[in-house]
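A short write-up of the structure that comes next.
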Amino acid sequence: RIMITGALGQIGSELTVKLRDLYGRDNVLATDVRTNDSEAATEGPFEILDVMDAKGMMEAATNHHADTIIHMAALLSATAEANPVFAWNLNMGGLMNALETAKELDAQFFTPSSIGAFGPTTPKDETPQDTIQRPTTMYGVNKVAGELLADYYFHRFGVDTRGLRFPGLISYVTPPGGGTTDYAVEIFYEAIKHGHYTSYIDKGTYMDMMYMPDALNAIIDLMEADPSNLRHRNSFNVTAMSFDPEEIAEAIRKEIPEFTLGYAVDPVRQQIASSWPNSIDASAAKKEWGFTTKYDLQTMTKDMLNKLALKTI
Ligand code: VAH
């Protein structure tokens with residue numbers, strides 16, 4: 001039985017629905033600090049939970065008889081950079097509460113890390129699984145501390161913690177918000193609405209990306225992996241592709257020939273993006289638990305445009 005925090009976020013909203021399909025509607029308790037009319041909030045067990053409320057989290061997980069805690073509640077990179085103290089308190093306080101809950105209930109544990117856990121002194125191309133991690137953003141500091149804390153709970157208390165360093169995730173269910181990689185989501189909405197997008201990330205800025213269906217499968221595959229094969233736990237590099245704004249625009253033009261791309265670079269998010277790798281190496285994930293992806297840039301572009309065309313955006 002699973003409890004998810006941040007269940008109405010970009011990953012949580014789709015992960016909740018997929019886990020309910022896989023493991024049974026009533027076995028997945030979705031929680032978030034507010035509610036909405038999404039499927040995750042309305043088609044199955046849902047509770048309001050602020051992850052800063054340790055007692056409330058323990059109660060919700062205990063009452064649900066959770067044996068798996070999936071902790072997704074956090075502030076993303078751009079939001080965290082604008083509110084660094086709040087970001088530290090929420091990202092680290094929430095993670096500590098979730099780890100303590102998992103320890104108390106002897107539950108399996110998942111929380112995501114990010115390519116944001118790397119910084120300007122990290123090797124930028126094919127970034128290794130084990131390498132320098134000196135991020136220069138509050139989000140990155142939170143992600144490195146979070147990886148170390150989750151590994152600590154594994155080594156010290158035997159909590160079965162597992163994590164993935166996600167690249168930018170692209171999806172059409174929740175609107176983009178708070179991330180640095182969200183230009184690669186906004187561009188699809190704008191392509192359909194206006195046939196033009198003005199990117200806040202500069203030409204030539206390469207970042208790893210992944211389509212949400214592949215991200216959800218990676219979480220499930222990792223959580224179901226045989227623990228005796230895991231040499232790493234928090235957290236595995238995973239990626240599907242790496243591109244810059246010009247290349248995703250090119251992929252969109254193959255579907256919408258008249259699409260045009262412009263630039264109005266946002267120095268804050270450009271600085272964040274420039275501090276991250278150009279491409280990361282996912283060989284440890286492939287070797288230890290068979291990580292694989294189905295979507296590349298063109299198949300993702302086709303699917304995103306088809307799905308968004310069906311929505312009122
Ligand atoms: C962000 N989408 O931009 C998130 C993610 C790798 C990027 O961490 O903050």
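Numbers below:
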{"read-out": "Accessible area of the chain divided out per residue, in Å², using a probe of 1.4 angstrom", "value": "41"}
{"read-out": "Rounded percent of accessible protein surface that carbon and sulfur make up, the range 139-187, 1.4 Å probe", "value": "60"}
{"read-out": "Residues of type lysines that K103 reaches as a straight line, Cα spacing below 17 Å, ignoring anything fewer than 8 places off in the same chain", "value": "K55"}
{"read-out": "Kyte-Doolittle at least -1.0, axis length at least 30 Å by Cα - qualifying DSSP helices, the chain", "value": "84-105"}
{"read-out": "For the range 117-130, 3J(HN,Hα) per residue [Karplus equation, 6.51 cos²θ - 1.76 cosθ + 1.60, θ = phi - 60°, Hz, x = Gly/Pro]", "value": "7, 9, x, x, 8, 7, x, 7, 10, 6, 3, x, 4, 10"}
{"read-out": "Simple spin-label estimate for E186 and D303 in nanometres, 7 Å along Cα-Cβ", "value": "2.4"}
{"read-out": "Listed pairs K203/K287; K203/K311; K124/K286 exceeding 24 Å between Cα atoms", "value": "K203/K287; K203/K311"}
{"read-out": "Share antiparallel - DSSP beta bridges, the chain, percent rounded to 5", "value": "10"}
{"read-out": "Length-normalised contact order for the chain - Cα pairs under 8 Å, 6+ apart - percent", "value": "18"}
{"read-out": "Amide H partners (placed H, <5 Å) of S199, local residues excluded", "value": "G262, Y263, A264"}
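The values are calculated or read from the model by the stated rules, or taken from the named source; none is laboratory data. What you see is a predicted model; the values in this text were computed from it and never measured. Glycine gets a Cβ as well: all are built from the backbone with ideal geometry, and neighbour counts include every protein chain shown. The protein model used for the area step is the full one, side chains on, heavy atoms only, and it has no ligands, DNA or RNA in it. Shrake-Rupley method; radii C 1.70, N 1.55, O 1.52, S 1.80 Å.
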